[in-house]
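Undergrad: First the structure, then my questions, so here it is.
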Amino acid sequence: MKKYFPLICSLISAVIFGFAMLFIKSGMKAVNEDAVKFLAFRFTTGFIGLQAIVWLKIQKVNYKNKPIKLIILCGILNPLLSQVLQTASTSYAPTSQISVMCATIPIFVTILSIFINKEMPSKKQVVFMCMTVIGVMIINLVGGQMIGGTTTGLILIIASIAALSFQRTYIRKASAYFTAFETIYLPTLMGAVGFSATTVINHAIKGELLTFFNGLGTSEFVISVLYMGIGSCVIAFLCMTYAYGHLPIAVSSATGAFSTVIALLVGVLILNEQLRPVDIIGIVIILVGILGASLSYNKNDEKGNTISAEE
């Protein structure tokens, strides 16, 4: 079981992320689709959860004599930069286009890891990782509405993909110096402070400070923020960060695609969305890719690919 613990962590994070859209839609309604305000409460809740863990002495953070600039860089790339870019892109491009293009992130992460982390994945791992990417693209591209995209939307999507790809690559590098908890603690604080300051300033400029907390006491919003703050920001990011630090990059990227399968099943079983034949084909391809990548992983991969502090 210990041998496959990083794989299990990667799948747990994928499941939590797969349910995310369900809770985001619910929470966004309470704040009148104000994405920055929702992100502010999400990351503030997440940081409170992380700080509680520190206060209870379950985990500790120690950035002394460590390359803290690496963690700050990760925090700037995600959540600050990537979340803003992704949110802005939805105003200029259809969600299907965003989903299709974001499906290429594992490929870019693998390529960047070769140059930044000097990590060379096996041919078998690359093949199975590409299978999951193809499965995601089939689900989102075939039958999707690609009309309505703009040049601005394309630029924003590419920029967000670049930010996320570099962030996930540097998370892998940071694992040589920091624990998984330390890796997400400071970026979560950066997100909480950054988004909170932005939304308060926006409300002040509009003269809406007195109505800032309107609608935030509803059960839908509270549940949504708790799920995205504690479930996503704390549990899922801890699992994902741990997986990225201990799995070959191609394997962690492939298993991460399981979130697409979960998101699709949530849409069908909970939101009563239609399951198309092409969706079934995409799911099968993704699952085969995940299974193949998982079976190609062994303890030697982990030892051989984990980035050392000397590098």
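Undergrad: Taking the Cα centre of the chain as the origin and placing charges on Cβ (Lys, Arg +1; Asp, Glu -1), which of 55, 221, 92 is farthest toward the positive end of the dipole?
TA: 55
Undergrad: Arranged by the count of other C-beta atoms within 10 angstrom, fewest first, what order do 156, 73 take?
TA: Going from sparsest to densest Cβ surroundings: 73, 156.
Undergrad: Shifting gears a bit: Could you estimate the translational diffusion coefficient of segment 2-305 from the Stokes-Einstein equation, with Rh from the Kirkwood formula over C-alpha pairs, at 37 °C and 0.692 mPa s, in whole µm²/s?
TA: It comes out at roughly 165 µm²/s.
Undergrad: Rounded to the nearest 20 debye, what is the charge dipole size of the chain about its Cα centre when +1 sits on each Lys and Arg Cβ and -1 on each Asp and Glu Cβ?
TA: 720
Undergrad: Further, regarding this structure: For every helix of n ≥ 4 consecutive DSSP H residues, a contribution of -39,500 (n - 2.57) applies; sum these over the chain, divide by its total residues, and give [θ] at 222 nm rounded to the nearest 500 deg cm²/dmol.
TA: When only DSSP H runs of four or more count, the value is -22500 deg cm²/dmol.
Undergrad: Moving on. Give the list, by residue number, of cysteines in the chain with no other Cys Cβ closer than 4.7 Å, or say none.
TA: Flagged as lacking a Cys partner: 74, 102, 130, 233.
Undergrad: Filter the chain for me: DSSP H helices, axial length by Cα at least 18 angstrom, mean Kyte-Doolittle hydropathy not below 1.6. List them by residue number.
TA: Qualifying helices: 5-30, 277-295.
Undergrad: Filter the cross-link list 3/173; 64/173; 25/206; 57/173; 37/66; 29/69 down to pairs whose alpha-carbon distance in this structure exceeds 28 Å.
TA: The answer is 37/66; 29/69.
Computed from the coordinates by the stated procedures, all read-outs in this text should not be read as laboratory data. Bear in mind the structure is a predicted one, so any value in this text is a computation, not a measurement. Neighbour counts are summed over all protein chains in view; Cβ atoms, including those assigned to glycine, are modelled from backbone coordinates with ideal geometry.
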